[in-house]
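Below is one structure; the comments refer to it alone.
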Amino acid sequence: MKTILTLAAVRIRITLRNKAFLFFSLIMPLAIFFLYGSVFAKGKPEAVAYLMGPILSFTVMGTFWGLSMQLVTWREQGILRRFRLAPIAASSMIVSSILANYLLILPTVVLELLLARFVYHVTSFGNLISVFVLVILGITAFGAMGLVVASVTNTMQETQIINQLLWFALIFLSGATVPLAVLPHMVQRVGLFLPATYFVYGLQRAMLADAHLYTLGTVVVSLVAWAVLAAFISSQLFRWEPEAKLPRNAKLWAVATILPFVLLGIWENHNGKLLATAAYMMEGRPTENTPPADKR
Amino acid sequence: MANPVLQVENLVKRYGDVEAVRGVSFSVDEGEVFGLLGPNGAGKTSTIEVLEGLRVADGGRATVCGLDPQRNPNELKNEIGAVLQATSLPDKLRVSEAIRLFASFYRRTRNPNELLRRFGLEEKRHSFYNQLSGGQKQRLALAMALVNDPKVLFLDEPTAGLDPQVRREIYVIIEELKREKKTIVLTTHYIEEAEKLCDRVAIIDLGKVIASGTPRELKQRSGDTTRLEVRLAKPAATEALKQLEGVADALEVDGAYVLHCQRTAPAIVSLVKYLEAQGNELVSLEIATPSLEDVFIELTGRRLRD
């Protein structure tokens, strides 16, 4: 535990000294915040409140990018080799990177909530406990996804390509940019297979419908399952050295991380509850007990 | 009698179809500085990395401080220190943070401040890693390798790529460690380094130990001879050169001729006479006492730096 805490503290210090981190984890999320708040929501508190889910999702989902790049850079530059000489387990490297991510991302999330309150006069953020639990789960799950990407790619270039593909899928098909309810029907159906969709949806339900964690059961369970699966797989595929060979079935393992969402996607495509609730949330602020889908 | 702290028997390491280490055996006694000398690609780094627990051997046995690097990796890592050939630290990590961080990983530690002082890094303690010169980075690597007060220290090409002045600085540090009776395993392709620092040397080529002993013992293989290295305007027959007065042996290496002479002056006179008779000319001539390079040339017909 001491090793994990020491490693996390050092990672935080190193990351805060990195200008790219400040840009991607503070300036860019805030730019998105003000773009959404002032342009899309035109400064109206109710509209800003509706967009806070997507805004926080952007901040949280971006963590996978930084984590994967750092791990691949450290592996390429031989930094991980130096760590490997010391009595450190791969799991300590993984857990410390996710732990550091909590402390690096949470201040931006809090800042965005405070700005929404004081700049755009948003009066309620719904169930804040649910919001923070979802944010923590999101940081873990998307961070672990970044570690899986870093484990199955060999070079920075390869990592960048995979990250770009994942990022565009996550932000454009999930409701994080264009609300899920207005996306074409086919895109909505594909979006139901993405973890990001459930994350954005969960945050919006928590903020707009004061949803308690137990009413967000499906979202919470799927994010927990995904986080645990991705963290486990990243620890199995962790490579200290660039030339270390990946097991033959490594990419299959990586693909296995999407399993909870494949099942969930099939289920949600079948019952249509999430899409109905998303459409209802876009029309007006519902209460926790009155989303139309819950009445069925 | 000294105890072996490191034993290697018939070690084999393969990368795909390439057999990088082909049955290497040696042992290192406590307090000894042992060198693995050989050209690039000889299998030195693969051997040392198996001993450090970074690579898995494909055959043979190895124990370090009585521990099997594969079976007891964490126990082993607490007992050894190492300077790797290709390694780095995060750019924005400060010198003092790096040494404290690594000190925190071990059960037994030395005072990080004392190590920074000893390695002349006190003034650089607040510098980021990417602000250090090559020599400072290497001194930091050495300081970090000692942070757990290791029983065995592995130094993989510790002076490769460093300028001569920095190299001498590193030699001074290693000589100090040697005086402290630290057990050190050193790989190098620099003859000077092996001769200057090592108590015993194993010459390794194409994955095999081709000779081992103290530097003095190894050089005695060349007999009590002087080495003449000559370059000629035209090629000459080595057989004819071997027949010259005072010459014990002659070899052609990279277009030059290396003559081992029992009596130097008659050998030079007879060489000049022979060249005159052949219509050949002497382009250059160097006289040296035999070095480990000569042992390597004798054994392989190639230079170490090839």
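Rule-based calculations on the coordinates, nothing more; no lab input. These numbers were taken from a predicted model, which means no experiment stands behind them. All Cβ positions, even for glycine, are placed from backbone atoms using ideal geometry, and neighbour counts span all protein chains on display.
The table below gives the values:
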quantity	calculated
In nm, spacing of pseudo-spin labels at B:Asp149 and A:Lys19 (7 Å Cα→C-beta vector)	4.4
Estimated FRET transfer efficiency (B:Lys273, B:Leu206; beta-carbon r; R0 51 Å; 0.05)	0.85
Footprinting exposure proxy for A:Phe34, B:Phe296 (fewest neighbouring C-beta atoms within 10 Å first)	A:Phe34, B:Phe296
Range of Cα positions in chain B per principal axis (Å), largest first	73, 43, 41
Overall Cα dimensions of the range B:146-204, principal axis frame, Å, largest first	28, 26, 17
Convex hull of the range B:1-77 built on C-alpha atoms - directionally averaged projected area, nm²	5.3
Test item: Cα-centred dipole of the range A:1-67, Lys/Arg +1 and Asp/Glu -1 on Cβ, debye	320
Reciprocal of mean inverse Cα separation for the range B:214-285 (Kirkwood radius, Å)	12.4
Average beta carbon contacts from partner chains per residue of B:80-90, 10 Å cutoff	5
Burial ordering of B:Cys261, B:Cys65, fewest other beta-carbon atoms within 10 Å first	B:Cys65, B:Cys261
Where only alpha carbons of the range A:142-296 are counted, the Rg and the Dmax (Å)	17.2, 56
For the range B:33-167, convex hull of alpha carbons as volume per residue, Å³	123
Sorted by Cβ density within 10 Å, fewest first, the residues A:His212, A:His270	A:His270, A:His212
Summed residue charge, Cβ within 10 Å of A:Leu275's Cβ, Lys/Arg positive, Asp/Glu negative	+1
Positive dipole terminus of the range A:164-286, leading residue within A:His270, A:Pro195, A:Asn249 (C-beta point charges)	A:Asn249
Along principal axes, Cα extents of the range B:57-129, largest first, whole Å	46, 25, 18
Point-to-point label distance, A:Leu114-B:Arg216, nm (Cα→Cβ direction, 7 Å offset)	7.3
Approximate spin-label separation B:Arg303-A:Val182, in nm, with each point projected 7 Å along Cα-to-Cβ	7.4
Nearest-20 debye value, the range B:165-230 charge dipole, Cβ charges on Lys, Arg, Asp, Glu	160
Listed residue (B:Ala211, B:Pro164, B:Ser284) projecting farthest to the positive dipole end of the range B:163-287, Cβ model	B:Ala211
Top of A:Ala176, A:Ala227, A:Ala20 by mean-square fluctuation, Gaussian network on chain A, Cα under 10 Å	A:Ala20
Area projected by the alpha carbon convex hull of chain A, averaged over all directions, nm²	15.1
Cα-based equivalent ellipsoid, the protein assembly as shown: semi-axes from gyration tensor eigenvalues, Å	65, 24, 21
Expected-Rg normalisation [2.2 N^0.38 Å, Cα atoms] applied to the range A:1-136	1.22
The protein assembly as shown - charge dipole about Cα centre, Lys and Arg +1 at Cβ, Asp and Glu -1, debye rounded to 20	1940
Relative contact order (%) - criterion: Cα under 8 Å, at least six apart; region: the range B:179-291	25
Value of relative contact order over chain A, rounded to a whole percent, pairs C-alpha under 8 Å and six or more apart	24
Relative counts (whole %) of C-alpha pair distances in the range B:81-231, using bins that are 10 Å wide	10, 36, 31, 15, 6, 1
Cross-link reach list, lysines versus A:Lys2, counting only Cα pairs under 20 Å and skipping chain neighbours closer than eight places	B:Lys77
Net charge of Cβ neighbours under 11 Å - reference B:Gly207; Lys, Arg +1; Asp, Glu -1	+3
Top positive-direction residue, dipole computed over the range A:1-148 with Cβ charges, set A:Phe34, A:Gly66, A:Val131	A:Gly66
